[in-house]
Amino acid sequence: MLEVRNIHKSFADREVLKGVDLRVNKGDVVTILGRSGSGKTTFLRCINFLENADQGTMTLDQETFELAHVSCQDKIRIRRKTAFVFQNYNLFRNKTALENVTEGLIIARKMPKDQAVETAFQALEKVGLRDRAEAYPHQLSGGQQQRIGIARAIATQPELILFDEPTSALDPELIGEVLQVMKQLAQEGMTMLIVTHEMNFARQVSSQVLFMDEGVIVEQNPPDLFFDAPQQVQTQQFLKTLR
Ligand code: ATP
């Protein structure tokens, strides 16, 4: 469904991604682990054109693009197939939960308002927040705000959701409710690419776990193998630091 090959990205003279390859099949839940600064977020952002890669190709639904030369129209088209869930939720502070979900549907997707509202209510229902539709972000907990962020992603009916450390801004007691929603999405077959530091979640939910180190993927395996018998020294050292 999605294949990226040889992605490179530098900021000034610092090369952050040094040739990253990834293949995600429909229904896969792929988690990306790695130390702070290893390039995980940059990689995710390059897939969604929040950053422009310097080099590499992306194949999505049998169409292949040279990432350094994607037209604005193609970027919009590719973006519509994906949705991004941000670490800090990125909600409009002056809009209700419902409006946060409908905004993109009405403005970017040109969906009629009635249909957008119905779609948004379904998405809010899915994350357990239909009854908070009229609340503003400041009236919601961090966990609830992130669930609105996930509802906004689901509502666009993406083929793939990219999650960038979705629970790392949350107090520990609020993490579970967000992971629960993500687990439910995974069980329903949603294709997901997730940067996370939640090891138990990665073990329970992933179909593949990737370890990124200094801008390259050094190991990729199903979760049992990844956690119980890591093959690469870098992965072994990383997992040891967590014990
Ligand atoms: P973390 O787990 O801490 O979020 P990460 O693995 O996601 O780390 P990135 O956020 O991708 O790492 O950052 C990789 C490197 O690129 C870091 O050294 C960071 O400072 C640098 N970097 C990221 N974005 C930019 C930017 N817009 N401009 C300059 N440098 C950047």
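The values are calculated or read from the model by the stated rules, or taken from the named source; none is laboratory data. Keep in mind it's a predicted model, so treat the numbers as computed, not measured. Every residue, glycine as well, gets a Cβ built from its backbone with ideal geometry; the counts of neighbours run over all protein chains shown. Note: accessible area is taken over every heavy atom of the protein model, side chains too, but ligands, DNA and RNA are not part of it. Shrake-Rupley method; radii C 1.70, N 1.55, O 1.52, S 1.80 Å.
Side notes on the structure shown:
- Residue within region 190-202 that is hydroxyl-bearing (Ser, Thr, Tyr), in contact with a strand residue (DSSP E or B) (Cβ under 9 Å, 6 or more places away or on another chain) and modelled with pLDDT of 95 or more present: yes
- First in region 149-168 and more than 16 Å from the ligand (Cβ to nearest atom), second anywhere and basic (Lys, Arg) and assigned to a helix (DSSP H, G or I), Cβ under 8 Å, 6 or more apart: Ala151/Lys126; Ile154/Lys126
- Set Val205, Val233, Val181, Val195: member being closer than 26 Å to Asp54 by Cβ and among the β-branched types (Val, Ile, Thr): Val195
- Residue within region 172-179 that is out of contact with any Gly (no Cβ under 8 Å at 6 or more places or on another chain) and open to solvent by less than 20 Å² (accessible area, probe 1.4 Å) present: no
- Among (1) within 14 Å of the ligand (Cβ to nearest atom); (2) more than 22 Å from the chain's Cα centre (by Cα), the one test that Leu210 misses: (2)
- Count - residues of region 1-41 that are under 19 Å from the mean Cα position of the chain (by Cα), open to solvent by 40 Å² or more (accessible area, probe 1.4 Å), more than 13 Å from Glu51 (Cβ to Cβ) and not small (Gly, Ala, Ser): 8
- Residues of region 42-77 satisfying the condition of being more than 18 Å from the chain's Cα centre (by Cα), surrounded by 14 or more Cβ atoms within 10 Å (Cβ to Cβ), in contact (Cβ under 8 Å) with a residue 24 or more places away in the chain and over 13 Å from Phe11 (Cβ atoms): Gln55, Gly56, Thr57, Leu67
- Qualifying residue in region 154-165 (condition: at pLDDT 95 or above, among the small types (Gly, Ala, Ser) and surrounded by fewer than 23 Cβ atoms within 10 Å (Cβ to Cβ)): no
- Verdict on Val117 being of a type outside the set (Ser, Thr, Tyr) and open to solvent by 10 Å² or more (accessible area, probe 1.4 Å): yes
- Filtering region 202-222 to residues that are farther than 30 Å from Asp13 by Cβ and in contact (Cβ under 8 Å) with a residue 60 or more places away in the chain leaves Ala202, Val205, Ser206, Ser207, Gln208, Val209.
- Selection status of Ala108, among the hydrophobic types (A, V, I, L, M, F, W, C) and surrounded by 13 or more Cβ atoms within 10 Å (Cβ to Cβ): no
- Unmet criterion (only one of (1) within 14 Å of the ligand (Cβ to nearest atom); (2) closer than 19 Å to Ile47 by Cα) for His197: (2)
- Within region 23-135, helices (runs of 4 or more DSSP H) holding 3 or more residues that are within 16 Å of the ligand (Cβ to nearest atom): 40-47
- Considering region 208-234, and only residues there that are within 19 Å of Asn25 (Cα to Cα) and either polar (S, T, N, Q) or at pLDDT below 95 (or both), the residue that is most open to solvent (accessible area, probe 1.4 Å) turns out to be Gln220.
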